[in-house]
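Student: Right, I'll just put the structure down here and ask away after.
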Amino acid sequence: MSTAAAYALSTSDGSFEKVTIQRRDLGPHDVLIDIKFAGICHSDIHTARDEWGRTRYPCVPGHEIAGVVAAVGSAVTRHRVGDRVGVGCMVDSCGVCAPCLADEEQYCAAGATMTYNTAVDPAVQPGGHTLGGYSTQIVVTENFVVAIPEGIGLDVAAPLLCAGVTVYSPLRHWGAGPGKKVAIIGMGGLGHVGVKLAAAMGAEVTVLSHSLSKQDDGKLFGASGYYATSDKQTFRELRGRFDLILNTVSADLPVDDYVRLLNLDGTLVILGLPENPVSVKPFNLAGYRRSLAGSMIGGIAQTQEMLNFCAEHGIGAEIELIAADEIDGAYDRVVASDVRYRFVIDVSTM
């Protein structure tokens, strides 16, 4: 076993503390990564504070990982020492079920092994559950490590490993591109990347945000329209407008109001996960053959595709770089929507 510095929570209402954790020895197909940057996702906060239940402690969050290969196992063929690489939300899956064989490991029938807070054999991770990227090193099987192209800085690439692929996947699945009208609900950590990606794909992009406070940024990122959802006129003016709507926020929203903004055969995709069920009147779906759907991250092949696309189009996340001892404050600011647009931990400060 090897050791690494990390920042962990020992209780749901505690503060992050610097600790030493163990990582497994390198197996034949394993890659040891020196982590350089780790993004802070709202899912990290939900999990660390046990807001979704079943959190295992000590909890080391982090599934937006960017770094450099430090060592490889004897059978590794995909990565070499010195390569710029990333790790997202998953570190393993069964590899044999239909979703896995279709490069959709996030829907693994046996349940994918998530980068943190998943119970595993202690031989895989000492302590019996996965520990994430708020750490100086991590060991991951080569099939779940992606290459970060030279065209993207490691710091702005880190959030793409979750936020980026979470919006890229539904944009690709539902055919965002020229001639398509796409709306993004919320322009936070996910939403701002969604605007950039949809615009780069050639779609006409509109942001639906609570206020107009980020309108200038939205236009800079590629949005042609920007509307305040606090204004009731917005929902009257935009009725029947969009082919695809991505809901990137975790707050409880009047989803039925947004469904009515869809055109014939339009789809509203839920990406943010609110605590309470959503409510939709069946007539609003049936009347225009509309669909309400959900989507969860993307597979490893699609994550690599997304990174390549971002490098080609000069897309990275907009970030605030913080030191490791600022994580607690960053969590509070994320909850208060006080970040533009993603916190990234500089792991050298550990």
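Student: Scale the Cα Rg of the range 1-63 by the rule-of-thumb value 2.2 N^0.38 Å and send over the ratio, two decimals.
Tutor: Working it through for the range 1-63, the quotient is 1.23.
Student: Show the residues, 5+ positions off or on another chain, whose built amide H is closer than 5 Å to the amide H of THR118.
Tutor: Amide H to amide H, under 5 Å and 5 or more residues apart or across chains, THR118 pairs with THR130.
Student: Using only the Cα atoms of the range 210-265, what semi-axes does the equivalent ellipsoid have when each is the square root of 5 times a gyration tensor eigenvalue? Give whole Å, largest first.
Tutor: 19, 14, 12
Student: Another question about this same structure. Calculate the FRET efficiency for SER337 and ASP13 from the Cβ-Cβ distance with a Förster distance of 25 Å, rounded to the nearest 0.05.
Tutor: Efficiency, rounded to the nearest 0.05: 0.70.
Student: Then there's this: Accessible area per residue, 1.4 Å probe, Å², for the range 206-350: what's the number?
Tutor: Averaged over the residues of the range 206-350, the accessible area is 48 Å².
Student: Which cross-chain or sequence-distant (5 or more) residues have an amide H under 5 Å from the amide H of PHE16, H modelled 1.01 Å from N in plane?
Tutor: Answer set, sorted by chain and number: ASP328.
Student: How large, in percent, is the carbon and sulfur part of the accessible surface of the chain at a probe radius of 1.4 Å?
Tutor: Exposed carbon and sulfur together represent 49 percent of the surface.
Student: Efficiency by 1/(1 + (r/R0)^6): what FRET value for ASN308 and LEU273, r their Cβ-Cβ distance, R0 = 41 Å, to the nearest 0.05?
Tutor: For ASN308 and LEU273, the calculated efficiency is 0.90.
Student: Can you give the convex hull volume per residue for the Cα atoms of the range 264-350, as a whole number of Å³?
Tutor: 175 Å³
Student: Quick one: Karplus J couplings for the range 89-96, per residue in order, coefficients 6.51, -1.76, 1.60, θ = phi - 60°, nearest Hz, x for Gly and Pro?
Tutor: With the stated coefficients, the range 89-96 comes to 6, 10, 10, 5, 7, 5, x, 10 Hz.
Student: Could you grab the relative contact order for the range 265-350? Cα pairs under 8 Å, six or more apart, rounded to a whole percent.
Tutor: Value for the range 265-350: 26 percent.
Student: Same structure, new question: Choose one of SER74, PRO274, GLY62: the residue whose Cα lies farthest towards the positive end of the charge dipole of the chain (beta-carbon charges +1 Lys, Arg; -1 Asp, Glu; about the Cα centre).
Tutor: Most positive-ward Cα: PRO274.
Student: Whole number please: convex hull volume per residue of the Cα set in the chain, in Å³?
Tutor: Here the figure is 129 Å³ per residue.
Student: Sticking with this structure for a sec: I need to check one value: relative contact order of the range 180-329, counting alpha carbon pairs closer than 8 Å and at least 6 residues apart, in percent.
Tutor: In percent, rounded to a whole number, it is 19.
Student: So if I place +1 on the C-beta of Lys and Arg and -1 on the C-beta of Asp and Glu, and nothing else carries charge, what would the dipole magnitude of the chain be about its Cα centre? I want it in debye, nearest 20.
Tutor: Once rounded to the nearest 20, the dipole reads 960 debye.
Student: How large is the dipole of the range 39-197 about the Cα centre if only Lys and Arg carry +1 and Asp and Glu carry -1, each at its Cβ, rounded to the nearest 20 debye?
Tutor: That gives a dipole near 380 debye.
Student: Once amide H atoms are built 1.01 Å from N in the peptide plane, which residues 5 or more positions from PHE242, or in another chain, come under 5 Å H to H?
Tutor: LEU262, ASN263
Student: What list of ³J(HN,Hα) couplings, whole Hz, do you get for the range 211-218 from phi and the Karplus terms 6.51, -1.76, 1.60, once you set θ to phi - 60° and write x for glycine and proline?
Tutor: These are the phi-based 3J(HN,Hα) values: 9, 9, 5, 10, 4, 4, 5, x Hz.
Student: How fast does the range 98-172 diffuse by Stokes-Einstein, in µm²/s, taking the Kirkwood radius from C-alpha pairs at 25 °C and 0.890 mPa s?
Tutor: 171 µm²/s
Student: Using only the Cα atoms, what convex hull volume per residue in Å³ does the range 154-276 have?
Tutor: Cα-based convex hull of the range 154-276, divided per residue, equals 104 Å³.
Student: May I pose another question? 7 Å from Cα along Cα→Cβ at both ASP34 and ASP256: what's the point-to-point distance in nm?
Tutor: 5.7 nm
Student: Semi-axes of the equivalent ellipsoid of the range 146-221: what are they in whole Å, largest first, if each equals the square root of 5 times a C-alpha gyration tensor eigenvalue?
Tutor: Semi-axis lengths for the range 146-221 are 21, 16, 11 Å.
Student: Still on this structure: I'd like the antiparallel share, as a percent to the nearest 5, of DSSP beta bridges with both residues in the chain.
Tutor: Counting DSSP beta bridges with both partners in the chain, the antiparallel share is about 55 percent.
The values are calculated or read from the model by the stated rules, or taken from the named source; none is laboratory data. Being a predicted model, the structure only gives us computed values, none of them experimental. For neighbour counting, all protein chains shown are included, and Cβ atoms are generated from backbone atoms with ideal geometry for every residue, glycine included. These area figures cover heavy atoms from the full protein model, side chains too; ligands, DNA and RNA do not enter into them. Shrake-Rupley method; radii C 1.70, N 1.55, O 1.52, S 1.80 Å.
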